[in-house]
Amino acid sequence: MEPQAADRGSFGEQRREGAAAADRLIAVVKRDCPTCRLVAPVLAALSTGTTRLRILSQDDPAFPEGLDVEHDEDLLASHRLGIEVVPTLLRLEGDREAGRSIGWHREEWRSIAGDPTLGEDLPPARPGCGALNVEPQHAERLARLVGAGPALRSRGVELGDGEDPFEACFARGWTDGLPVVPPEPERVARMIAGTNRPPQDVVGLVAPDLVPCTVEKVAVNAVMAGCLPEYLPVVLACVEAACAEEFNWHGLAATTYFSGPVVVVNGPVCGRLGMNSGMNALGQGNRANLTIGRALQLTLRNVGGARPGELDRATLGNPGKLSFCFAEDEDGSPWESLAVERGAPPDASAVTLFAGEGPRGVIDQQSRTPESLACSLASALRSVAHPKLVLAFDAMVVVAPEHARVFREAGWSKARLRQEIQALLTTPASELLRGAGGCAEGVPAAAFPGPEEVKLPKFRPDGLLFVHAGGKAGLFSAILGGWINGPGGSQPVTRVVRE
């Protein structure tokens, strides 16, 4: 980012600059325009007339040759004059615009210039070309310079003449280990245009530094992540969810465990953004999936200060800490969506954050009954964290279409599947205690006083989440083991996307 540039004065002030309030002509041209080159002799004729002529050249200070030309190098004069096409000829009477001709129209130019013989040797009319100041790479900068764009407050960083902006981002610790898009002001302004929220609206306090995170700061990191502006509302919802007290981002960032934020997106926004809920949904290849999740991670890192090796103390981590975001396949699902199940309106777009580790595959290509397939899922779920650790860890099951079909055809709801798995994973305490089965890991006996015959469930009642996603070929599902739950851990958080 660079410091906010100062406004250089109003349109009227620009027109009065350095001249008395007298009649005059202004012609705006560029060499890279055939019609501008066509009218160069006309401009030469006008320059010898009694009305003062000001020529603004957008791209070449020596065009037209032999005339007194003002190079509008920063295009600010063209922007203030409202130029959209070159050539444009204007007549000013004092402080008032009295006439304007866009392109070459002989009769209009004669009327504006007050010369009935102007352009006798030229064709009657020719269309002009697009002005440089309306091209996207210039328009956003110019709007910001005159106060029409969002006022950016992020601290500017000036790079040396020979400094590579991509390497500069690495050197300053702004990246996740992969290259990021340099957050130039025009890109940030373009990103902010993706939401109607004010740039300085505070999204939340980001731990561990508890820094107020504004829409602008999220936009900066969304630019670096490679997002499109239309992704920003989803990223903002993700950051809101991460800042929720019950998600406990501070604890998740500081843990030595594997987990990081997993983002599940539901609702109409998935289709509008082209998010992937099908084949390879948990993998690479989809811009929206990858950059939305990455923007969240970069925001938590760069705003909140959760950097690996510093506050982030993960022993191993997992590749999903770069980005772990996917859409749920609601159209093909046998169940209500995750967001609706968690209280979001059925027609709303929403994100759910879950503190999860990387996916582990579940293969069952033989089961044709829900009872058998539930047994397979239960067997795989038993190993979350450790087979002998119970009630402390949640899990998310991503059920792919071919497995989902088994439950659909049997009419099993999520509640029925959850109940069946919980029953299959209820184990006698004697098998879970430390030392049982020759394994020192397990539940301490002091935590569960009473007869060892008592049975303990693997998961708390609401500790199993089910999501439908994936390709239609392959009898597979996946399990995302969670981080610890309860007062010291993390709870899943759902937030509606404010579009």
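The values are calculated or read from the model by the stated rules, or taken from the named source; none is laboratory data. All values derive from a computational prediction rather than experimental measurement. Quick reminder, even Gly has a Cβ in these numbers, built from the backbone with ideal geometry, and neighbours come from all protein chains shown. Only protein heavy atoms, including side chains, enter the accessible area calculation; ligands, DNA and RNA are left aside. Shrake-Rupley method; radii C 1.70, N 1.55, O 1.52, S 1.80 Å.
Evaluate the range 8-18: report whether one residue or more is modelled with pLDDT under 50, charged (D, E, K, R), in a loop (DSSP other than H, G, I, E, B) and surrounded by 12 or more Cβ atoms within 10 Å (Cβ to Cβ). Break it down stepwise before answering.
Initially, the range 8-18 is screened for residues modelled with pLDDT under 50, giving 8-18.
When the remaining residues are screened for being charged (D, E, K, R), the result is 8, 13, 15-17.
From the residues that got through so far, the ones that are in a loop (DSSP other than H, G, I, E, B) too are 8, 17.
Okay, now just the ones that are also surrounded by 12 or more Cβ atoms within 10 Å (Cβ to Cβ), so 8.
Yes: one or more hits.
So the check is Cβ under 7 Å with 6+ separation or different chains; which pairs have a first residue in the range 100-116 that's among the charged types (D, E, K, R) and a second one that's part of a strand (DSSP E or B) and open to solvent by less than 20 Å² (accessible area, probe 1.4 Å)?
Taking only residues 6 or more apart or on different chains, the pairs are Arg100/Thr88; Arg100/Leu90; Glu108/Ser101.
In the range 277-328, which residue that is within 22 Å of Asn266 (Cβ to Cβ) and β-branched (Val, Ile, Thr) is surrounded by the fewest Cβ atoms within 10 Å (Cβ to Cβ)? Outline the logic, then answer.
Step one: list which residues in the range 277-328 are within 22 Å of Asn266 (Cβ to Cβ), which gives 277-297, 299-300, 320, 323-328.
Of the ones still in play, those that are also β-branched (Val, Ile, Thr) are 291-292, 299.
Numbers: Thr291: 23, Ile292: 30, Thr299: 28.
Per the criteria, the residue is Thr291.
Across the range 208-222, what is the number of residues that are among the β-branched types (Val, Ile, Thr), open to solvent by 10 Å² or more (accessible area, probe 1.4 Å) and either in contact with a Lys or Arg (Cβ under 7 Å, 6 or more places away or on another chain) or in a loop (DSSP other than H, G, I, E, B) (or both)? Let's see the steps before the verdict.
As a first pass, look at the range 208-222 and keep what is among the β-branched types (Val, Ile, Thr): 211, 214-215, 218, 220.
Right, trim to open to solvent by 10 Å² or more (accessible area, probe 1.4 Å) and you get 211, 214, 220.
Subsequent filtering for residues that are either in contact with a Lys or Arg (Cβ under 7 Å, 6 or more places away or on another chain) or in a loop (DSSP other than H, G, I, E, B) (or both) retains none.
Qualifying residue count for the region: 0.
Considering only the range 341-359, I want to know if a residue exists there that is open to solvent by 10 Å² or more (accessible area, probe 1.4 Å), closer than 13 Å to Phe476 by Cα, in contact with a helix residue (DSSP H, G or I) (Cβ under 9 Å, 6 or more places away or on another chain) and not acidic (Asp, Glu).
yes
Look at the range 212-240 and say how many of its residues are hydroxyl-bearing (Ser, Thr, Tyr) and more than 23 Å from Gly177 (Cα to Cα).
Here is the first cut: in the range 212-240, the residues hydroxyl-bearing (Ser, Thr, Tyr) are 214, 231.
From what is left, the residues that are more than 23 Å from Gly177 (Cα to Cα) are 214.
Qualifying residue count, the range 212-240: 1.
Which of (1) in a helix (DSSP H, G or I); (2) free of Cβ contacts under 8 Å to residues at least 40 places away in the same chain is the odd one out, the single condition Pro179 does not satisfy?
Checking Pro179 against (1) in a helix (DSSP H, G or I); (2) free of Cβ contacts under 8 Å to residues at least 40 places away in the same chain, the one that fails is (1).
Can you tell me which residues in the range 403-413 are buried (at least 18 other Cβ atoms within 10 Å of the Cβ) and part of a helix (DSSP H, G or I)? Spell out the reasoning first.
Of the residues in the range 403-413, the ones buried (at least 18 other Cβ atoms within 10 Å of the Cβ) are 403-404, 406-407, 412.
Result: His403, Ala404, Val406, Phe407.
When both residues are 6+ apart or on different chains and their Cβ atoms are under 9 Å apart, which pairs have a first residue that lies in the range 190-219 and is touching a residue at least 60 places away in the same chain (Cβ under 8 Å), and a second that is assigned to a helix (DSSP H, G or I) and of a type in the set (Lys, Arg)?
Val206/Lys217; Val211/Lys217
So which of Pro123, Pro150 is at pLDDT 95 or above, open to solvent by 20 Å² or more (accessible area, probe 1.4 Å) and either part of a loop (DSSP other than H, G, I, E, B) or of a type in the set (Phe, Trp, Tyr) (or both)?
Working: Pro150 fails: at pLDDT 95 or above.
Residue meeting the stated conditions: Pro123.
Give me the pairs: first residue in the range 414-430 and more than 22 Å from Ala445 (Cα to Cα) and open to solvent by less than 10 Å² (accessible area, probe 1.4 Å), second residue outside any strand (DSSP E or B) and of a type in the set (A, V, I, L, M, F, W, C), beta-carbon distance under 7 Å, and six or more apart or on different chains, which are they?
Correct list of pairs: Lys414/Trp335; Leu417/Ala374; Leu417/Phe407; Ile421/Ala374; Ile421/Leu377; Ile421/Ala378; Ile421/Leu381.
In the range 409-431, which residues are within 19 Å of Pro387 (Cα to Cα) and in contact with a strand residue (DSSP E or B) (Cβ under 9 Å, 6 or more places away or on another chain)?
Arg418, Ile421, Gln422, Thr426, Thr427, Pro428, Ala429
In the range 339-365, what count of residues is obtained for those that are in contact (Cβ under 8 Å) with a residue 24 or more places away in the chain and part of a loop (DSSP other than H, G, I, E, B)?
First pass over the range 339-365, keeping only residues in contact (Cβ under 8 Å) with a residue 24 or more places away in the chain: 339-345, 347-365.
Still in the list and also part of a loop (DSSP other than H, G, I, E, B): 342-345, 347-349, 364-365.
Qualifying residue count for the region: 9.
I'm trying to understand the selection: among the residues of the range 68-99, which are open to solvent by 20 Å² or more (accessible area, probe 1.4 Å), modelled with pLDDT of 95 or more and of a type in the set (A, V, I, L, M, F, W, C)?
Val69, Val85
Report yes if some residue within the range 175-197 is surrounded by fewer than 20 Cβ atoms within 10 Å (Cβ to Cβ), among the hydroxyl-bearing types (Ser, Thr, Tyr) and closer than 30 Å to Gly488 by Cα; otherwise report no.
Scanning the range 175-197, I find at least one residue that is surrounded by fewer than 20 Cβ atoms within 10 Å (Cβ to Cβ), among the hydroxyl-bearing types (Ser, Thr, Tyr) and closer than 30 Å to Gly488 by Cα, so the answer is yes.
Do we have Val39 as β-branched (Val, Ile, Thr), in contact (Cβ under 8 Å) with a residue 40 or more places away in the chain and within 26 Å of Pro136 (Cα to Cα) here? Before you say what the answer is, go through the steps one by one.
Details: β-branched (Val, Ile, Thr): yes; in contact (Cβ under 8 Å) with a residue 40 or more places away in the chain: yes; within 26 Å of Pro136 (Cα to Cα): no.
No; evaluated as a whole, the condition is false for this residue.
Restricting to the range 252-261, name every residue that is open to solvent by less than 20 Å² (accessible area, probe 1.4 Å) and part of a helix (DSSP H, G or I).
Result: Leu252, Ala253.
Cβ-Cβ under 6 Å, sequence separation 6+ or interchain: first residue in the range 293-317 and touching a residue at least 24 places away in the same chain (Cβ under 8 Å), partner aromatic (Phe, Trp, Tyr) and open to solvent by less than 20 Å² (accessible area, probe 1.4 Å). Which pairs?
Gly293/Phe324
In the range 154-191, how many residues are more than 15 Å from Arg294 (Cβ to Cβ), hydrophobic (A, V, I, L, M, F, W, C) and within 15 Å of the chain's Cα centre (by Cα)?
First, pick out the residues of the range 154-191 that are more than 15 Å from Arg294 (Cβ to Cβ): 154-168, 170-173, 182, 184-190.
Narrowing the set further to residues that are hydrophobic (A, V, I, L, M, F, W, C) leaves 157, 159, 166, 168, 170-171, 188-189.
Next, only the ones that are within 15 Å of the chain's Cα centre (by Cα) stay: 188-189.
Qualifying residue count, the range 154-191: 2.
With respect to Ala440, determine if the residue is assigned to a loop (DSSP other than H, G, I, E, B), open to solvent by 70 Å² or more (accessible area, probe 1.4 Å), free of Cβ contacts under 8 Å to residues at least 12 places away in the same chain and out of contact with any Pro (no Cβ under 7 Å at 6 or more places or on another chain). Write out each step before concluding.
Working: assigned to a loop (DSSP other than H, G, I, E, B): yes; open to solvent by 70 Å² or more (accessible area, probe 1.4 Å): yes; free of Cβ contacts under 8 Å to residues at least 12 places away in the same chain: yes; out of contact with any Pro (no Cβ under 7 Å at 6 or more places or on another chain): yes.
Spelling it out, Ala440 is indeed assigned to a loop (DSSP other than H, G, I, E, B), open to solvent by 70 Å² or more (accessible area, probe 1.4 Å), free of Cβ contacts under 8 Å to residues at least 12 places away in the same chain and out of contact with any Pro (no Cβ under 7 Å at 6 or more places or on another chain).
Quick one: Arg368 ticks every box in (1) part of a loop (DSSP other than H, G, I, E, B); (2) at pLDDT 95 or above; (3) under 20 Å from Val264 (Cα atoms); (4) not hydroxyl-bearing (Ser, Thr, Tyr) except a single one, so which number is it?
All conditions pass for Arg368, except number (3).
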